[in-house]
Amino acid sequence: MPELEIHKKTDQINSFEYENAVILPRITGVCAEEPMWGLGGVCNQEGNFVDSSAYDGGWATHGGPYLWNEEEEEYLEEEVIYFGMFFQHWGHFLVDLIGRMWYPVCSVKYSQNMKVAYLGEEKPGQNHLEFFQLLGINEKQLIHVTKPMRCRKVIVPEIAFRSCMWYTEEALQMFRYIINHVSKNEDLHKKYGKVKKIYFSRTQFGKAQNSEFGEEMLEYIFEQNGYTSIAPEKLSLSEQVYLWNHAENIACVNGTIPLNVAFCANSNLKLTVLNKTSIFHGNPYLFLEMQKVKARFVDVYKEPFKKYPKSLGEGPFLMTITKEFVSWMGEEGMRLPYRAREIQIRTVKNQIKYCFAILGITRKIRMLLSKMCPESVKRWIWKKSV
């Protein structure tokens, strides 16, 4: 594992205010050297780009100036907090997109009369929207910038943390504000108060079903050892925050799920993270350090081909009951509910699915069946599924 020197910055971060400033929407394909997520951001009254409105997360970057037609500007007679880039990916949302949202929690200047402006092609929904609501920002305050927008005042907060490197007191306060709000919810206590050992599963998540193989074996082991299996994508953000703060044991596959430790103020939590690949995933470590939660990382991957998985996000991934996992089970006093022969059979089946995923056979079969299937049958299937 690479050495990560994560630290807490002691300097107070700032916010910058610009009168009669312009927020430029995101555009892409302007030049070969543009940031990964395109250009856009804030320009002051004189048309100069505000550098603090750009984002540099190391791997992910966004922001920069471009020429725009001033005659196409919209005008907003409001004070606006600049959020930055938004798209619906929970992992990136936590790691890369919310770094300015300390402002509503920490700044004495914040008012609910202010708007929050975001860029991109997608709008917040479900848990993304609930995140704003838990910070006291209602949906009517959110402004989707799709064309140049000149505002009476634009506030650009500095980023409060950078993945794998540093965080600030403001970042910690932002997450703690949500934690404190949710922890007092009596309805959640009645629903989940007795749930103490949790396995957060990806087996019901659509993308994982086509690129992650073998987790069902691990999930079953945890269930047979007293863990309650829960699909986090079926929970509200408040439900997830409550569980992270009231559970005694949580286990999950490495990826987006352990990033939710950002919402965990329970330093006594026993967290187990199952590595589905040898590719190092550094993002959880910032939040673990920030919230002072210790985690045990256990390898459960099998990688028979050198070029796969292609990346942390793309996969495909093959998981199995490894020697390290069995050793960890022994330390925890857990029993293995499978016989050796059954493990071999299940592993072979998952290896076949894994190979199919690499070759794209499953996708090709779906495309072929789709072409062969009459439109009337497709419509009937669609009606039955909605």
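Some observations on this one:
- Residue match in the stretch 52-59 (condition: open to solvent by 40 Å² or more (accessible area, probe 1.4 Å), within 25 Å of Met290 (Cα to Cα), of a type outside the set (Lys, Arg) and at pLDDT 95 or above): yes
- Taking residues in the stretch 311-336 that are free of Cβ contacts under 8 Å to residues at least 40 places away in the same chain, and partners anywhere that are surrounded by 12 or more Cβ atoms within 10 Å (Cβ to Cβ) and in a helix (DSSP H, G or I), the pairs with Cβ atoms closer than 9 Å and at least 6 places apart or on different chains are Gly313/Gly91.
- Residue check, Glu186 closer than 21 Å to Val105 by Cβ and charged (D, E, K, R): no
- Residue ID - nearest to Gln240 (Cα to Cα), chosen from residues in the stretch 90-108 that are part of a loop (DSSP other than H, G, I, E, B) and in contact (Cβ under 8 Å) with a residue 24 or more places away in the chain: Ile98
- Picking from residues in the stretch 1-12 that are modelled with pLDDT under 95 and hydrophobic (A, V, I, L, M, F, W, C), the one that is least open to solvent (accessible area, probe 1.4 Å) is Leu4.
- First in the stretch 18-40 and closer than 18 Å to Phe86 by Cα and open to solvent by less than 70 Å² (accessible area, probe 1.4 Å), second anywhere and among the aromatic types (Phe, Trp, Tyr) and assigned to a loop (DSSP other than H, G, I, E, B), Cβ under 6 Å, 6 or more apart: Leu39/Tyr66
- Within the set Glu219, Glu223, the sole residue that is without any contact (Cβ under 8 Å) to a residue 60 or more places away in the chain and either surrounded by 18 or more Cβ atoms within 10 Å (Cβ to Cβ) or out of contact with any Ser or Thr (no Cβ under 7 Å at 6 or more places or on another chain) (or both) turns out to be Glu219.
- Phe280 open to solvent by 10 Å² or more (accessible area, probe 1.4 Å), among the aromatic types (Phe, Trp, Tyr), farther than 21 Å from Phe175 by Cα and in contact with an Asp or Glu (Cβ under 7 Å, 6 or more places away or on another chain): no
- Flag if Glu324 is outside any helix (DSSP H, G or I), within 28 Å of the chain's Cα centre (by Cα), modelled with pLDDT of 90 or more and of a type in the set (Asp, Glu): no
- Of all residues in the stretch 262-277 being surrounded by fewer than 22 Cβ atoms within 10 Å (Cβ to Cβ) and under 17 Å from Val241 (Cβ atoms), the one that is modelled with the lowest pLDDT: Ser267
- Some residue of the stretch 234-250 being open to solvent by 20 Å² or more (accessible area, probe 1.4 Å), of a type outside the set (Lys, Arg), assigned to a helix (DSSP H, G or I) and touching a Cys at 6+ places or on another chain (Cβ under 9 Å): yes
- Per the conditions (1) crowded, with 20+ Cβ neighbours inside 10 Å; (2) closer than 19 Å to Leu243 by Cα; (3) touching a Gly at 6+ places or on another chain (Cβ under 7 Å), the sole criterion not satisfied by Glu212 is (2).
- Residue match in the stretch 120-137 (condition: within 18 Å of Leu24 (Cβ to Cβ), open to solvent by less than 70 Å² (accessible area, probe 1.4 Å) and either among the polar types (S, T, N, Q) or not in a helix (DSSP H, G or I) (or both)): yes
- Residues that are open to solvent by 10 Å² or more (accessible area, probe 1.4 Å), in a loop (DSSP other than H, G, I, E, B) and not β-branched (Val, Ile, Thr), drawn from the stretch 156-179: Glu158, Ser163, Cys164, Met165
- Lys147 vs. criteria under 18 Å from His62 (Cα atoms), open to solvent by 40 Å² or more (accessible area, probe 1.4 Å), modelled with pLDDT of 95 or more and not in a helix (DSSP H, G or I): yes
The values are calculated or read from the model by the stated rules, or taken from the named source; none is laboratory data. All figures in this text were calculated on a predicted structure; none of them were measured in a lab. Positions of Cβ are generated from backbone atoms using ideal geometry, with glycine treated the same way; all protein chains shown enter the neighbour counts. For accessibility, only protein heavy atoms count, side chains too; no ligands or nucleic acids. Shrake-Rupley method; radii C 1.70, N 1.55, O 1.52, S 1.80 Å.
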